[in-house]
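Before any comments, here is the structure.
Here, each number is a calculation from the coordinates, and none is a lab measurement. Model, not experiment: these values are computed from the prediction.
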Amino acid sequence: MQIRTAVTTALAATALIATGMLVGTQVNLLPVDASSNAAAYDSLFKVLFSIGTMLFAGILIVLVYSLVRFRRRAGDGADGPPTEGNLPLEIVWTAIPAVVVLFIGIYSYDIYERMGGMAPLDHDAMHHQASAMIEASVQPAASQAIGEDQTSGERVWGGIRPIDGDVLPVDVTAMQFAFIFHYPEGEITSGELHVPLGRPVELRMKALDVIHAFWVPQFRLKQDVIPGQPTVLTFTPTRAGTYPVICAELCGPYHGGMRTSVVVHEPDDYLAWVQANSPAITNT
Ligand SMILES: [Cu+2]
C-alpha cells in the first residue's frame, strides 16, 4: 500500500512538473520583445509562469479531489476523525516553498544584475552617471574635466547600468501628465520618443512634480522618474515598430492618459526624422 502511494505521488509530481514546464514554455502571454534585455526577462518570466502553473494546478487538483473524496455522505452526521500533527508532511510543505522562494529570489537577482539594475551607487558610478545629467550645453568631456564639485551631492539612482559605445542620449522630462523628450544631439524636442534600431539609448530622466514611471512593456523596462533625483535608463532597441510608453505610477487624476509612443526606426528613417525635425540652423 505504501509503495503504491509512493509511486502514485511520484507519477503525479512528474506529470505536474511536465505540465508546468510545457505551459510555461509554450504559452506566451507577453507582447513582442523589442529590446536587447527582453530575452533575459522573458526567460525569468517563463520560469515563474512554469512554477505558478505547477502550484496552481497541484493545489486545485488536490482541492477538488478532497472535496469529492471526503464529502459528507448521506446519513453521516458524525464529526470527522480528530487528526493532529504530521511531521513528514509539515517538513515537506515547509521545504518545498522554501526551496522555490530561494530559487526565485536568486534567479531574479541574477536577471536584474544582468540587466544592470545592481550597478553600484558608489562614488565612481554616481559620478559617471551624474556627469551625464549635466545640462546639454556642457560637452561630456568638459563636464568630466570640471569634475566632482559640480556633481557631488547630486544622487543618481541608476535603474539600469550605463552602457559604453555609441550611445544616443535623450533627456526625458516627466510631468503631470506628459513625457517630453529632448535630444541634445540635434536640439530636438518631441512628445514622442524616436530611436534608431540597434543603437543603445540612454534616457536621462527627471520629474517636475510628482513620481512618474517610464514603462515600455515591449522593452521589458520600467523605471521610476523621481522629482529631485535623476534616474537613468538604457536600452538597445532590437525590433522596428511603434510601442506604447506608459506612465506606471499613479501620478494624479489624468494618470491614465499619461502615455505616448516610442518609435523604433530603421537607421535611415531615423536620420530622416532627425533632419525633418531639427530646428533651422541659425548660428553657423
Ligand atoms: Cu505620470
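May I ask for the distance between the Cα centers of the stretch 53-103 and the stretch 192-240, given as a whole number of Å?
Distance between centres, Cα-based: 46 Å.
Given 0.36 nm per residue, what is the gain on full extension from Arg259 to Arg4 after removing their alpha carbon distance, in nm?
Here the segment from Arg259 to Arg4 would lengthen by 86.0 nm.
Take the stretch 195-284, compute every pairwise Cα distance, and split them into 10 Å bins from 0; I just need the percent in each bin.
With 10 Å bins starting at 0, P(r) equals 16, 39, 31, 13, 1.
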